[in-house]
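Presented below is the structure to which this report refers.
Coordinate-derived values only; no laboratory data. Model, not experiment: these values are computed from the prediction. In this analysis, Cβ positions are derived from the backbone assuming ideal geometry, glycine residues included, and neighbour counts consider all displayed protein chains.
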Amino acid sequence: MLIPHPLLGLRDSQEFTYLGDASLMNRPDPASPSAEAEFCDYVFLRDNPAGVHRELWFHEQGDRSWLVVTRNTLTHEILGAELARTLPVRGAE
Amino acid sequence: MTRLNGGLIDRTTPLSFSFNGKSYQGFKGDTLASALLANGVQLVGRSFKYHRPRGIFTSGSEEPNALVTLHNGARSEPNTRATVTELFDGLQATSQNHIGPLERDLLAINDRLAPLFAAGFYYKTFMWPRAFWEKLYEPLIRKAAGLGALSTLPDPATYDKGFLHCDLLVIGGGAAGLVAALTAGRAGASVILADEDFRFGGRLLAESDLLDDSWPSEWVDRTCAELASLPNVRLMPRTTVFGTYDHGIFGAVERVSDHLPPSDEAVRQTLWRITAKRSVLATGAIERHIPFQDNDRPGIMLAGAIRAYVNRWASAPTRNADDPVAIFTNGDDGHRTALDLLGKGVPVLGVIDTRPDAPVFGRYKVFAGATVTGTKGRLGLQAIQIRQNGQATWLEAGALGVAGGWNPNVHLASHHRGRPVWDEGRLAFLPPSDGPKGMFPAGAAAGNGATGVAFADGMRAAQQALTELGMTARNIPLPHVTDTPNAQAPYWHVPTTKRAWVDFQNDVTVKDIALAHKENMRPVEHLKRWTTLGMATDQGKTANISALAVMAELTGATIPETGTTIFRPPYTGVTLSVLGGGDTGRHFRPYRLTPTHAWAKAQGATFTEVGPWMRAQYFPRDGESHWRQTVDREVQSVRKDAGLCDVTTLGKIDVQGPDAAEFLNRIYANTMATLKVGMVRYGLMLREDGHLFDDGTCARLAEDHFVVTTTTANAGAVYRHLEFAHQCLWPDLDVQMISTTDAWAQIAVAGPKSRQLLQRIVDSFDLSNEAFPFMACAALSVCGGLRARLFRISFSGELAYEIAVPARYGHALIERLMTLGADLGVTPYGTEALAVLRIEKGHAAGAELNGQTTAQMLGLGKMVSAKKDSIGAVMSRREGLAQDGRHLVGLLPLEPQSQIPAGSHLFTRGVAQTMQTDQGWVTSSCYSPHVGSYIALGYLENGHDRLGEVITAANPLEGQSFVAKVVSAHLVDPEGGRLRD
């Protein structure tokens, strides 16, 4: 597969390490009263769609950017790639 | 001899070769198959199941029968298709799958037992008794049924791999492919033209129709010469594009030197990964046959293959020059073979045409509305039975060509699940419309096989592809041709009550398909598995469509309703060696060497693999006869004097920025923000699920500058994790990090005399306990100006330091330390002693942090700060983990000289050993010279409250059982006084 890196253009997927569902960016608020249940969902429960999927790829053999790649899991068509660090996240403050 | 005149062979270069030990002559340009045919050899192998005599059936890579073993010994190459094996001088080939001589195979008895081996016999016959399967049935079947055998020796050949990029990849160098490549090449596009054959031209080389006024091969030569002159075109003969992958990536194997005598130097094959913006699929078509009774005899071939042997290789398909050749066809194409045979002076028995209104194109006999209904000649065709107007006649024939129409080679267009589409007009499956993006089928592969149509189609495909890339490709002049599309009438098989083969390689007959139908194995997927149709080396290239048609006839459905198979890579067999691309053995994963590797080697060290690294394991001295002796000495030297160990392999991550402290506070379970500048703290990292991830030290060199160390194994994973935490979770934090593992050589200097030794290399730096206490760190200079970092940390439990210098000075530093420390008894130690020292001290390593353990189990539960958030903190407090009562303890076997193997399970003494009574397990184990006994570490249920208890450690795999006393994990200096002196 070829991944359209926002800074470096088309790069071979062999240069990347795959992590998984981009929902891993939505780390729950540890101060929430239901934090344990929310973390349980966050850590263990993932959607596994047959179709369009937003997922995290690390350009390990490249510029070390984490990308959010939108990929159709049925056709491997890649609909876009964004730098994770430029996206809004629900981080713990 | 049946060698004819003409052909594209070089008669000035004769080559000798052997088949089954007998010597023959061929010429440069021959394949093994064409050379065998020219020598009158028809019989070349035995069939898979029935051991029927078999001959050459095709002239290409679709060959089901003519599989031979090339070479011998370690280089022997089983299941090689004689039809694509380029002849070279000294080639040695042997036939396969027979016991005794090929002509009198003892296993031919299977043919008499054929009723036993009908479709599904495997599933039906070997059901009972179950115990017979592994010991009796399977070995017997494997011996009797099968093709060539592997040598089982390591492959001595050399392989390579490479990467290519282009605008347009043209797959197949026949009429359509050559024109496509030339159209795109003249337009300035970067073009790769790949063909599996050693000579470009495809079917053009097999035909006799003139192109303009010249022979097809002359036009091919001119075109190839122009292509070769274009700097933007790369010609790749002997290259099979075997798979279509995502986003325009193709896998290809180039047979670099398979056409030469084997050599140790030359690369045999190269694996290419080709990334193409667009591609033209010009893979041509494969002829299909028409099953009839006893249609598998040597001498019965595809009619198009006979044409190729006659025109390109000047080889007649018969054993004797005056044996007549017959043609069985359902269309005009079979007649072309008859005409070409006549043109070469080969006697033609006639053309048996299934069409009642069969045309006549020349001076040969036509049997209109006739079929072939039987054959004779066990080791080679002798006679055929022709049925016409209800009359059956036997006529003598030395060979029979069968022409049933052409199947486009749609494989590469279907590797992405696109289903081929049936075209009733062409009687063929065409490439799917939803095939791989950017792929343009052309020529025979697209059902446009007539030469003139293929030329135009190749140009059209290249122009369309280049238009999509914003390039303009002008028309090129195409040669004038006379041939016309093949007129044919559907005719799929000649009904018989006896056996008519559909799939030669797997011995699948029309009867087998009928049986599968009767037993309700009707979907093509079931048909394939029940009958083994379309399996093995040829993947049914000459069988699948015919089988589908037979099944359609039996079910009364149309062919498209009956289905088609999904094609998967590889198109033809690819050796595993070339997939390795030369990265085998030692080259599979290169070792990483530490800065002191060469020095350690010179000291006679033994090395061990640690992750990707080679590390010194121990340093034997003269007179030491056992590794334990060496390791005990190294351990004792560290505890008594001083030792040196290269610890460069531990991961080092430089973390800098105004928010570095806050960032690390969220990474480590314990607090890092409060760490003072110039100090080091031990830290635990958890995974988000609350389990231990990694441990190591964190040194604060400045307010905004930290050095994080990781275990050797997790150096990459921790770095990835840190970047994830920063970029994906907390991008607002102003922090940057980089891995500096390779930048610094780091050497542990451990033992009571370590301070004394270091004092001799530091440049005016106060190492006293007051100025540089336990867990201090500093940037300093050593040896007269060399920048360095010093950490007062200890893995061994002794007074110890780790000193880091730029990696290129690592070798010099250890030499300097050894020289300056000679009078102090300084000793190098390896990973074995390192492990003994840390087990004696009760420090955790990989075996204790195995992904299933927690801080609490290590006895470090209190380190997980409740005052702040960190990765894994929330989940570490969930009930199941927080209440885990297993603790790390030390174990002393009551029998001091017996080693408790790591992995042993712990039980309360005297209790039955079951899953329910399991109390934990042993993580690490070694001999401790300090204790004078074997020792071990392990996780034990409620371990902290059981010190002094005698328990059982069991290794049921080996039937071992040990009695051991539970002690503190810290067997050396539990109070830690030595560290702090």
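Multiplying the residue separation of B:GLN759 and B:MET818 by 0.36 nm and removing their Cα-Cα distance gives an extension gain of 19.9 nm.
Shielding value for B:869-880 is 4, the average number of Cβ atoms from other chains within 10 Å of each residue's Cβ. When you work out D = kT/(6 pi eta Rh) for segment B:806-903 at 10 °C and 1.306 mPa s, using the Kirkwood radius from C-alpha pairs as Rh and the Stokes-Einstein form, the result is 90 µm²/s.
Give me the net charge of B:VAL510's neighbourhood, meaning all other residues with Cβ under 13 Å from the Cβ of B:VAL510; Lys, Arg count +1, Asp, Glu -1.
Local net charge: -2.
Evaluated with a Cβ-only charge set (Lys, Arg +1; Asp, Glu -1), segment B:767-845 carries a dipole of roughly 320 debye about its Cα centre, given to the nearest 20. Neighbours of B:GLY26, meaning other residues whose beta-carbon lies under 15 angstrom from its beta-carbon, give a summed charge of +1 when Lys and Arg score +1 and Asp and Glu score -1. Segment B:ASN475..B:ASN20, full-extension length gain: 158.6 nm, with 0.36 nm per residue of separation and the alpha-carbon distance subtracted. Assign one of three labels to segment B:440-481, namely rounded, prolate or oblate, based on the Cα gyration tensor with a ≥ b ≥ c the square roots of its eigenvalues; rounded applies when a/c is under 1.5, prolate when it is not and a/b is larger than b/c, and oblate otherwise. Cα axes put segment B:440-481 in the oblate bin. Mean separation of Cα pairs under 8 Å and 6 or more residues apart, divided by the residue count, gives chain B a relative contact order of 9 percent.
Which angle between 0 and 90 degrees, to the nearest 10, do you get for helix B:333-343 versus the longest principal axis of chain B when only C-alpha atoms count? Around 70 degrees separate the two axes. Among B:SER95, B:SER625, A:SER32, B:SER257, the order by Cβ neighbours within 10 angstrom, fewest to most, reads B:SER625, A:SER32, B:SER257, B:SER95. Charge tally around B:ILE559: other residues with Cβ under 11 Å, Lys/Arg +1 each, Asp/Glu -1 each, net -4. Translational diffusion of the protein assembly as shown was estimated from the Stokes-Einstein equation, with Rh taken as the Kirkwood radius over Cα pairs; at 37 °C and 0.692 mPa s the coefficient is 96 µm²/s.
In chain B, what % of DSSP beta bridges are antiparallel (nearest 5)?
Antiparallel: roughly 75 percent of the beta bridges in chain B.
List the lysines whose Cα sits under 23 Å from the Cα of B:LYS365, skipping any in the same chain fewer than 8 residues away. Counting by Cα, and skipping residues close in sequence, B:LYS365 has these lysines nearby: B:LYS344, B:LYS376.
Applying 1/(1 + (r/R0)^6) with r as the Cβ-Cβ distance of B:GLU958 and B:GLN636 and R0 = 25 angstrom yields a FRET efficiency of 0.25.
Given +1 at the Cβ of Lys and Arg, -1 at the Cβ of Asp and Glu and no other charges, the dipole of the protein assembly as shown around its Cα centre is 1840 debye to the nearest 20.
Fewest-first ordering of B:ILE352, B:ILE738, B:ILE793 by other beta carbons within 10 Å of each residue's beta carbon gives B:ILE738, B:ILE793, B:ILE352. Each of B:SER214 and B:ASN320 was given a label point 7 Å from its Cα along the Cα-to-Cβ line. The distance between the two points is 4.2 nm. A simple spin-label model places the labels of B:GLU265 and B:LEU579 3.2 nm from each other, with each point 7 Å out along Cα-to-Cβ. The alpha carbon centroids of segment B:521-557 and segment B:834-867 are separated by 60 Å.
Across segment B:752-757, rounded Karplus estimates of 3J(HN,Hα) from the backbone phi angles (6.51 cos²θ - 1.76 cosθ + 1.60, θ = phi - 60°) give x, 9, 5, 5, 4, 5 Hz, Gly and Pro being marked x. Here's the picture: charge each Lys and Arg Cβ at +1 and each Asp and Glu Cβ at -1 in segment B:786-866, and of B:ALA833, B:THR853, B:ALA866 the one pushed furthest to the positive end of that dipole is B:ALA866. Farthest toward the positive end of the dipole of segment B:232-336, out of B:GLY331, B:ALA282, B:THR318, is the Cα of B:ALA282, where the dipole comes from beta carbon charges about the Cα centre. For the protein assembly as shown, the residue among B:ALA181, B:LEU205, B:HIS415 whose Cα projects farthest onto the positive side of the dipole built from Cβ charges is B:LEU205.
Rounded to the nearest 5, what % of DSSP beta bridges with both residues in the protein assembly as shown are antiparallel? Just about 75 percent of them are antiparallel. Note on B:LEU205, B:LEU302: ascending count of other Cβ atoms within 10 Å places them as B:LEU205, B:LEU302, the fewest first. Pairs of Cα atoms nearer than 8 Å and 6+ residues apart set the relative contact order; for segment B:218-312 it is 16 percent. Principal-axis analysis of the Cα atoms of chain B puts helix B:627-640 at an angle of about 30° to the longest axis. Based on C-alpha pairs under 8 angstrom that are at least 6 apart in sequence, segment B:1-53 has a relative contact order of 31 percent.
How large is the dipole of segment B:196-324 about the Cα centre if only Lys and Arg carry +1 and Asp and Glu carry -1, each at its Cβ, rounded to the nearest 20 debye?
The calculated dipole for segment B:196-324 is roughly 460 debye.
Once you sort the root eigenvalues of the Cα gyration tensor of segment B:324-385 as a ≥ b ≥ c, which label holds: rounded (a/c under 1.5), prolate (a/b larger than b/c) or oblate (the other case)? The shape class here is oblate. On a per residue basis, the convex hull of the C-alpha atoms belonging to chain B measures out at 230 Å³.
Could you tell me which of the pairs B:LYS652/B:LYS862; B:LYS161/B:LYS437; B:LYS135/B:LYS498; B:LYS518/B:LYS541 are separated by over 30 angstrom between their Cα atoms in the structure shown? As for pairs spanning more than 30 Å Cα to Cα, those are B:LYS135/B:LYS498. Here the extension length gained between B:ARG621 and B:GLN603 equals 5.6 nm, from 0.36 nm per residue of separation less the Cα-Cα distance.
Between helix B:810-820 and chain B there is an angle of about 40 degrees, using the helix long axis and the longest principal axis of the Cα atoms.
I'd like the distance between the alpha-carbon centres of segment B:200-278 and segment B:649-676, rounded to an integer number of Å. Using only Cα atoms, the two centres lie 57 Å from each other.
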